[in-house]
Amino acid sequence: MQHLPRRILYSVILILGFVWILFSVDKSGLSTNGKIPAPQTGFLAPDFELKTQSGETVKLSDLRGQAVLVNLWATWCPPCRAEMRSIEKVYKEYKDQGFTVLAVNMTYQDEATKIPTFVSEQNLSFPILLDETGRMANAYQMRSLPSSFFISRDGIIKEVVIGGPMAEALLRTRVEEILK
Amino acid sequence: MITLFRSPFAPPRHLILLLASLWLGLALSEKRLERYQISKEALNNIIHFSLLGYIIGGRVLFVLANLSAFTHSPWSIFSINIDLFDPVGAFVTAVLVGFIYGQRQKLPLWASLDALTPLFATLAIGLSLSHLAAGTAFGKPTNLPWGIHLWNATRHPTQLYELIASLIIFGFIWFRKVDSPSGSSFLLYAALTAGARLFLEAFRGDSQLIIGGLRLAQILAWIVLAVTLFASERLRKEEQVY
């Protein structure tokens, strides 16, 4: 006699669960919807406009249509130094497929005079941007260096890697993902 | 609260919280061992082998799934990057390794799962704290007064919902007087966890969606709930037979 009420209870639980699933369907198609800019996977990458060492201005949203790696770094940061060669190697390999790197130096907490030496030592060919005010670092809620944001062609952050150095294989897998 | 977690020091707080909960959960499971006639050594071995399986399985399966990336830089296989990891593969490997170890040592399956349940329940608390620290598993936007500002919107505090649910579930498991039939603690834990996930997933802002906007996690939680209810009914029947 006890079995029947328990079975009924279990059936009611499962039916209610199923109804809840249907009730909570997300009709927008994507929960984050890609409209709100935030430095987190699934969100639109916060836009920024920064100057390169040569004074040229680069705006992230102008690169829409390209897969972008935004890498936050400083000359005094050993893991940043350690991963730069791998980034350069992967950049050269994939740039013809529409991949670009924006290496943003945290100039507001670095010595700008050391940047040219660093760049020539590492033989870097991608754009080096200067965050002189810390506004970009703030928009990306920078917690640790290096920090890397892999952004797809439609401007959505697909992956965030905090800390480093990133292994070359990790870079390749993430770059291939955002190039899709 | 999240800002507090995010401030000054840089170590991966979410991982530290998870490791702390693993240590605490193991201590709590050990405390209850005499109920299940499983030795402390056997329990520790299950955990250690499963952890080893988790770490190695997660890396190996990631490498296998991305072989072409590793052919260019084979040394990356040994990199300390924790992102070179397949979490689902790691979980499956850990379960398999734990199961095989238990079988080889002839440990009773249901009693072993019951013994491990306080650990699972504590890990769930650690996981929700870890989500809170990292700002992951975030909620969808809301106008409710208890919404929290996260990722540039006022959102459901899903990490807090998750924390409250996992604390309540832990309470159910830990203060439960009746512990029979064997396996009932584990099944109760699994059913409550699946039920909580099924309910709370509706408030998440990062759900993986499938056909028609259905949330994948809810479908999986519903299946787990159905299986655990069916299994607990069978256990009860078997106990009555004997």
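The values are calculated or read from the model by the stated rules, or taken from the named source; none is laboratory data. Because the structure is predicted, anything quoted here is derived from the model rather than measured. Please note: Cβ atoms are built from the backbone with ideal geometry, for glycine as well, and neighbour counts cover all protein chains shown.
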- Would you mind listing the helices (runs of 4 or more DSSP H) fully within the stretch B:55-150 where at least 1 residues are of a type outside the set (A, V, I, L, M, F, W, C) and more than 14 Å from chain A (Cβ to nearest Cβ)? B:87-104, B:109-134
- Please find, among A:Leu124, A:Leu170, A:Leu179, the residue that is in contact (Cβ under 8 Å) with a residue 40 or more places away in the chain, farther than 20 Å from B:Thr136 by Cα and either touching a Ser or Thr at 6+ places or on another chain (Cβ under 9 Å) or within 8 Å of chain B (Cβ to nearest Cβ) (or both). A:Leu179
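Only one residue in B:Lys237, B:Lys177 is at pLDDT below 95 and away from chain A (no Cβ under 14 Å). Which one?
B:Lys177
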- Kindly indicate which of A:Thr107, A:Thr41, A:Thr75 is polar (S, T, N, Q) and surrounded by fewer than 19 Cβ atoms within 10 Å (Cβ to Cβ). A:Thr41
- Does B:Pro157 fit the bill of being crowded, with 20+ Cβ neighbours inside 10 Å, in contact with a strand residue (DSSP E or B) (Cβ under 8 Å, 6 or more places away or on another chain) and away from chain A (no Cβ under 14 Å)? yes
- Taking the condition touching a Leu at 6+ places or on another chain (Cβ under 8 Å), surrounded by 15 or more Cβ atoms within 10 Å (Cβ to Cβ) and more than 7 Å from every other protein chain (Cβ to nearest Cβ), does B:Ala231 pass? yes
- Qualifying positions in the stretch A:127-167 - within 14 Å of another protein chain (Cβ to nearest Cβ) and in a helix (DSSP H, G or I): A:Ala137, A:Asn138, A:Ala139
- Item | Qualifying residues in the stretch B:174-187 (those that are in contact (Cβ under 8 Å) with a residue 24 or more places away in the chain and more than 15 Å from the chain's Cα centre (by Cα)) - the one farthest from A:Tyr10 (Cα to Cα) | B:Trp174
- Across the stretch B:195-209, what is the total count of residues that are more than 10 Å from chain A (Cβ to nearest Cβ) and either in contact with a Pro (Cβ under 9 Å, 6 or more places away or on another chain) or more than 22 Å from B:Leu150 (Cα to Cα) (or both)? 1
- Query: Where in the stretch A:1-115 are there strands (runs of 3 or more DSSP E), lying wholly inside it, with at least 3 residues that are within 14 Å of chain B (Cβ to nearest Cβ), at pLDDT 95 or above and within 17 Å of the chain's Cα centre (by Cα)?
  - Reply: none
- Message: Any residue that is within 11 Å of chain A (Cβ to nearest Cβ), buried (at least 19 other Cβ atoms within 10 Å of the Cβ) and either more than 20 Å from A:Arg6 (Cβ to Cβ) or among the basic types (Lys, Arg) (or both) - is there at least one of those in the stretch B:184-191?
- Response: no
